[in-house]
Amino acid sequence: SAPGPGGWRAAGRMAAAAAVVGLVLVGPLAALAPGVFFSDTLLFHAWRPPDGDVDRLHRLLQIWNERHLVSSVLAVGGLVLALAKKELRGSRELRFFASAYALMVIAFLLSSAYWSQYNSHLAASEAVLAGWGGVTLFRVVLLPRLDGLSPARRTSLVVVTMALLVFPSLRRAVLSSRARAPELLALGEGLRRAAPPDACVFAFEPAWGIAGGFLPPHGVAGMPVIVDPYAAMLMEAGAPYKDAGAAFQSEASQHSIRALLERCRFTVLGWRGHWQLSEATRAWLSARYTMLGPQVSTPAYDIWEHQ
């Protein structure tokens, strides 16, 4: 049924509050360069070439991955049960979080580019729905089966059930917390040995330069400032291309990056650099740069110095 006057007023207040918050957070940035803001944040994502995990079924498997499978099952299962119960269908909060969750999943499936880390945007709505689902499932499935049991047995059953539900995600979190990136630490040490503190160091992933204490190059006359080479090169390539790899092979995507590399003393290519530079630019770089030896470079991150 359609919402009554009170429902429409509440929806209007929420929309107004969201608009004000968005204006406060985004407005100053948009006001500084409205044309660039519109083209870089909206138009670019409308025509950007496919990249990442392009298979829609595999995207669903990533969205409901074992890392957070319990919360996903509780969210979906509880949502189905709640919607099946007439007295819960009118819940404004349930509709809000269910709509946010569904719209975000649809956006992930329809977007041209997708990586599994995008799922972090689902955390807020999924956590609320999972809590709702857990309570609903407890009332509908578990609670009726607890009648007649002693308080001690009821408590034990609830604790064991919760432990079994939480264990897969907890195990995954513990294993992930033990992961380390020794290659990145070695890269930082190599950069500090090779490059003076005031040297121009450009890395195709900003974190690689930061590991050695170097921010993306800026403040040099005539040299473009590129913080995110991936996005900058795709935007410069234009459209249309069948995928990001094809866009990076275009001459149009290489202009600014060559101008930066021409004026910078050190660069860290890594897998991103080798992927994002076209064959012509890699040949151009090899003629002007020399890759530093194993005492500085690592197998994963090759450091090059301009001659």
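The values are calculated or read from the model by the stated rules, or taken from the named source; none is laboratory data. If you're wondering where the values come from, they're calculated on a predicted model, not measured in any experiment. Using ideal geometry, Cβ is built from the backbone for each residue, glycine included, and neighbour counts are taken over all protein chains shown. Surface areas here come from the heavy atoms of the whole protein model, side chains and all, with no ligands, DNA or RNA. Shrake-Rupley method; radii C 1.70, N 1.55, O 1.52, S 1.80 Å.
Using a 10 Å cut-off on Cβ atoms, rank the peptides 144-156, 43-55 from the highest mean neighbour count down.
Put in order of decreasing packing, that is 43-55, 144-156.
Compute the angle between helix 151-177 and the longest alpha-carbon principal axis of the chain, please, reported from 0 to 90 degrees and rounded to the nearest 10.
Its long axis makes an angle of about 10 degrees.
How much of the accessible area of the chain, in percent, comes from carbon and sulfur atoms when a 1.4 Å probe is used?
Accessible surface attributable to carbon and sulfur in the chain totals 68 percent.
Relative to the first principal axis of the alpha-carbon coordinates of the chain, what is the inclination of helix 123-137, with its axis defined by its Cα atoms, in degrees from 0 to 90 and to the nearest 10?
Value to nearest ten degrees: 20.
With a 10 Å radius around each residue's Cβ, average the other Cβ atoms per peptide and rank 129-135, 296-302, 21-27, highest first.
Top of the packing list down: 129-135, 296-302, 21-27.
For the charge dipole of the chain, defined by +1 on Lys and Arg C-beta atoms and -1 on Asp and Glu C-beta atoms about the Cα centroid, which residue among PRO34, VAL24, ALA221 has the Cα displaced farthest towards the positive pole?
My answer, from the dipole projection, is VAL24.
For a quick protection proxy, order the peptides 8-19, 95-106 by their average other-Cβ count within 10 Å, most packed first.
Descending mean neighbour count gives 95-106, 8-19.
Per the helix-only calculation at 222 nm, which mean residue ellipticity applies to the chain, given -39500 (n - 2.57) for every DSSP H run of n ≥ 4 and division by its residues, nearest 500 deg cm²/dmol?
Value at 222 nm, helices only, nearest 500: -18500 deg cm²/dmol.
Just to confirm the number: angle between the C-alpha axis of helix 279-288 and the first principal axis of the chain, 0 to 90 degrees, nearest 10?
The angle comes out near 50 degrees.
Which far-off residues, 5 or more places away or on another chain, put their amide H under 5 Å from the one on LEU269, with H placed in the peptide plane?
ASP302, TRP304
Using the basic label-point model (7 angstrom from Cα toward the beta carbon), what is the GLU251 to SER91 distance in nanometres?
Computed distance between label sites GLU251 and SER91 equals 6.1 nm.
Please sort by residue number the trypsin sites (Lys or Arg not before Pro) in segment 198-307 whose DSSP state is loop and whose Cβ has at most 16 other Cβ atoms within 10 Å.
Passing sites in segment 198-307 are LYS242.
What accessible area per residue, rounded to a whole number of Å², is obtained for the chain using a probe radius of 1.4 Å?
Value returned for the chain: 59 Å² of accessible area per residue.
For ASP51, enumerate residues with amide H under 5 Å from its amide H, sequence gap 5+ or separate chain, H modeled in the peptide plane.
It is ALA113, TYR114, by chain and number.
Return the sequence-ordered ³J(HN,Hα) values of segment 188-196 in whole Hz as given by the Karplus equation 6.51 cos²θ - 1.76 cosθ + 1.60 applied to θ = phi - 60°, using x for Gly and Pro.
Result, ordered by residue: x, 5, x, 5, 5, 6, 8, 10, x Hz.
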